[in-house]
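Undergrad: Below is one structure. I have some questions about it.
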Amino acid sequence: MIKIKYNSNTGQILGNYPPNINYPSITIDKEGKTITDQSGIFPYIEITKEQHQEGMGKNMVVVNGNYQEYVKTSAELLQEAKNNKIAEIKKAKDKALYLPVKYNGNYFHTSEKANINILGVIGIMEDLNLPTYPWISSSGQAINLTLTDFKQLRQLIGSARGSSYSKEADRTLAVMTAKDLKEVNDIKW
């Protein structure tokens, strides 16, 4: 039989002691069913080699003297679902931040870099009093835009990006305040 040392409060397995090994730094009390080592005194149970093999690679615990696989609580399952949903929302937001916007029949990139570059072009156009400036659409076509076009495009991109961040915040708050798995699962991007 293999002795399984565990935390009596949590059921967490703290070690296993096959009978064929000499343990000079521990004391095993067979009557009190405890193992004493440098970290304290802990209870133990005995299991078969088969039980030990079955538990390998699994999160095993001791509950009411039984060696069993750990079963997550409903609170843990809910938190896990919330964490997964928040990651899903972030991924959807990241994707939405790069969806092109349509302006005057053409699609344009909406990345933060594109937005910064548009600000630069606006400054150049204002400084040099340029009537138009070429800008590359999402399809790779150079399109001449006016200063007004650039300002409207910047506003459109800012609105799209702001909407994505706002939607992420709203959905994340909904996930964090959800009371059960159904509520979490019902939240969509």
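The values are calculated or read from the model by the stated rules, or taken from the named source; none is laboratory data. Remember, it's a predicted structure, so these values are computed and weren't measured experimentally. Positions of Cβ are backbone-derived with ideal geometry, glycine not excepted, and every protein chain shown enters the neighbour counts.
Undergrad: Of everything in the stretch 20-60 that's aliphatic (A, V, I, L, M) and in contact with a strand residue (DSSP E or B) (Cβ under 6 Å, 6 or more places away or on another chain), which residue is nearest to residue 178 (Cα to Cα)?
TA: 60
This table checks each residue for (1) farther than 20 Å from residue 113 by Cα; (2) in contact (Cβ under 8 Å) with a residue 60 or more places away in the chain; (3) in contact with a helix residue (DSSP H, G or I) (Cβ under 6 Å, 6 or more places away or on another chain); (4) among the polar types (S, T, N, Q).
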| site | (1), (2), (3), (4) |
| --- | --- |
| 140 | no, no, no, no |
| 145 | no, no, no, no |
| 150 | no, no, yes, no |
| 159 | no, no, no, yes |
| 168 | yes, yes, yes, no |
| 171 | yes, yes, yes, no |
| 183 | yes, no, no, no |
| 188 | yes, no, no, no |
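Undergrad: Which condition does residue 67 not pass, out of (1) within 30 Å of residue 176 (Cβ to Cβ); (2) touching a residue at least 60 places away in the same chain (Cβ under 8 Å), if it passes all the others?
TA: Residue 67 satisfies all of (1) within 30 Å of residue 176 (Cβ to Cβ); (2) touching a residue at least 60 places away in the same chain (Cβ under 8 Å) except (1).
Undergrad: Which is among the β-branched types (Val, Ile, Thr), assigned by TED's automatic domain parsing to the domain that holds residue 179 and under 30 Å from residue 176 (Cα atoms), of 86, 136, 122?
TA: On the way: 136 fails: under 30 Å from residue 176 (Cα atoms); 122 fails: under 30 Å from residue 176 (Cα atoms).
After applying the criteria, what remains is 86.
Undergrad: Another question, if that's okay. Does the stretch 82-109 hold any residues that are surrounded by 11 or more Cβ atoms within 10 Å (Cβ to Cβ) and among the hydrophobic types (A, V, I, L, M, F, W, C), and which are they?
TA: Answer for the stretch 82-109, where residues must be surrounded by 11 or more Cβ atoms within 10 Å (Cβ to Cβ) and among the hydrophobic types (A, V, I, L, M, F, W, C): 86, 89, 92, 96, 97, 99, 101, 108.
Undergrad: Look through 47, 13, 21, 4 and report the one residue that is exposed (fewer than 14 other Cβ atoms within 10 Å of the Cβ) and more than 30 Å from residue 113 (Cα to Cα).
TA: Step by step, each of 47, 13, 21, 4 is checked, and only 21 is exposed (fewer than 14 other Cβ atoms within 10 Å of the Cβ) and more than 30 Å from residue 113 (Cα to Cα).
Let's see how each residue does on (1) in contact with a Leu (Cβ under 6 Å, 6 or more places away or on another chain); (2) more than 29 Å from residue 72 (Cβ to Cβ); (3) free of Cβ contacts under 8 Å to residues at least 12 places away in the same chain:
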residue	(1), (2), (3)
9	no, no, yes
12	no, no, no
16	no, no, no
21	no, yes, yes
27	no, yes, yes
32	no, yes, yes
35	no, no, no
40	no, no, yes
45	no, no, no
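Undergrad: Could I ask something else about it? Within the stretch 110-129, does at least one residue satisfy the condition of being surrounded by 12 or more Cβ atoms within 10 Å (Cβ to Cβ), outside any helix (DSSP H, G or I) and over 21 Å from the mean Cα position of the chain (by Cα)?
TA: Yes: one or more hits.
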